[in-house]
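Participant: Have a look at the structure that comes next, please.
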Amino acid sequence: MTLFTLAAAGFTAATLTLGPAPAGSAPEPVPTFDFRDCPAPPANADPGTWRCEAFVSQGTLSIRDREIPLGELRMTFAEGRVNGQYAQIFGALRHSPAHVPGAFGTTIRLRYGGHSDFRTVGNRRGELDLFAELRHPLLPAECTLGSPAKPLRSVVYDDPAVPRKVISQDPPTYYFGVVDQALTLPATQHCGPLGTLVDRHLGLPSPTGNNVFKQTTYVQYKPL
């Protein structure tokens, strides 16, 4: 699903930095960042080049005319250089189940799908493979949108409505918005007899052009 990259965004230097950003304030309060999922640099990492990036995002997913508030998403990854070449290692994606409006008792939870690439190229901020767990007392535990075997790829770009802002230089902390307007969402799978009703309620399957994933994100960097 090119569901939501969740988050990715802003990464640097020659590919490791957010780059120049206008100073300014972002919505308060600035969240507390959690670096517990930071992966260790590889054994052959170039000394002094690695850092962990911790993201705290608020996201929404619009499918046709339906908007699903996803709530808070947290993500970490590490990046640096190995033998002078850029490298990155994914840490973790944490997302608490979010309620699906109009579907009493139904929740959606994003999960990592096994691929990430957080290099910045122009206004492209990164990509992430995901799938979503759908939960309801009457749905099988295997009910998902996308799957670990066939994840949904989200590619996010700068959201011009939410320009990047410097929150702090020490530690480096930024605020920005990203958007994915090219999501292609399939029908749900393994949802049992109620799968058709779930798809109808969510408007699935939904081709590219009908779906928008947006995130507003804080990121903080920590040397490794």
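The values are calculated or read from the model by the stated rules, or taken from the named source; none is laboratory data. Predicted model only: the values in this text are computed from it and were never measured. Cβ: placed from backbone, ideal geometry, glycine included. Neighbour counts: every protein chain shown.
Participant: Give segment 128-153 a look and list any residue that's surrounded by fewer than 20 Cβ atoms within 10 Å (Cβ to Cβ), assigned to a strand (DSSP E or B) and of a type in the set (Asp, Glu), or say none.
Facilitator: 133
Participant: Any idea which of (1) outside any strand (DSSP E or B); (2) surrounded by fewer than 18 Cβ atoms within 10 Å (Cβ to Cβ); (3) not hydrophobic (A, V, I, L, M, F, W, C) is the one residue 195 doesn't satisfy?
Facilitator: (2)
Participant: Further, regarding this structure: Tell me the residue from 66, 81, 74 that is under 24 Å from residue 137 (Cα atoms) and either out of contact with any strand residue (DSSP E or B) (no Cβ under 6 Å at 6 or more places or on another chain) or crowded, with 17+ Cβ neighbours inside 10 Å (or both), please.
Facilitator: So the residue among 66, 81, 74 that is under 24 Å from residue 137 (Cα atoms) and either out of contact with any strand residue (DSSP E or B) (no Cβ under 6 Å at 6 or more places or on another chain) or crowded, with 17+ Cβ neighbours inside 10 Å (or both) is 66.
Participant: If you don't mind, another one. So for segment 202-216 (the condition being over 21 Å from residue 35 (Cα atoms) and of a type in the set (Phe, Trp, Tyr)), does at least one residue qualify?
Facilitator: So far as segment 202-216 goes, yes, one or more of its residues are over 21 Å from residue 35 (Cα atoms) and of a type in the set (Phe, Trp, Tyr).
Participant: Kindly indicate whether residue 125 is in a strand (DSSP E or B), at pLDDT below 95 and not hydroxyl-bearing (Ser, Thr, Tyr).
Facilitator: It is true that residue 125 is in a strand (DSSP E or B), at pLDDT below 95 and not hydroxyl-bearing (Ser, Thr, Tyr).
Participant: In addition: Do you know which residues across segment 59-92 are aromatic (Phe, Trp, Tyr) and closer than 12 Å to residue 116 by Cβ?
Facilitator: 77, 90
Participant: Just wondering, is there one or more residues in segment 102-114 that are within 21 Å of residue 220 (Cα to Cα) and surrounded by 15 or more Cβ atoms within 10 Å (Cβ to Cβ)?
Facilitator: So far as segment 102-114 goes, yes, one or more of its residues are within 21 Å of residue 220 (Cα to Cα) and surrounded by 15 or more Cβ atoms within 10 Å (Cβ to Cβ).
Participant: Moving on. When only residues in segment 90-101 that are surrounded by 16 or more Cβ atoms within 10 Å (Cβ to Cβ) and hydrophobic (A, V, I, L, M, F, W, C) count, which is farthest from residue 188 (Cα to Cα)?
Facilitator: Going through the qualifying residues, I end up with 90.
Participant: Give all pairs with beta carbons closer than 7 Å in which a residue from segment 164-181 that is farther than 13 Å from residue 30 by Cα meets a residue that is modelled with pLDDT under 95 and of a type in the set (S, T, N, Q); count only pairs at least 6 apart in sequence or on separate chains.
Facilitator: Every condition considered, the pairs that remain are 180/2; 180/5.
Participant: While we're here: With respect to residue 153, is the statement that it is of a type in the set (D, E, K, R), over 21 Å from residue 56 (Cβ atoms) and touching a residue at least 40 places away in the same chain (Cβ under 8 Å) true?
Facilitator: Taking the combined requirement at face value, the residue satisfies it.
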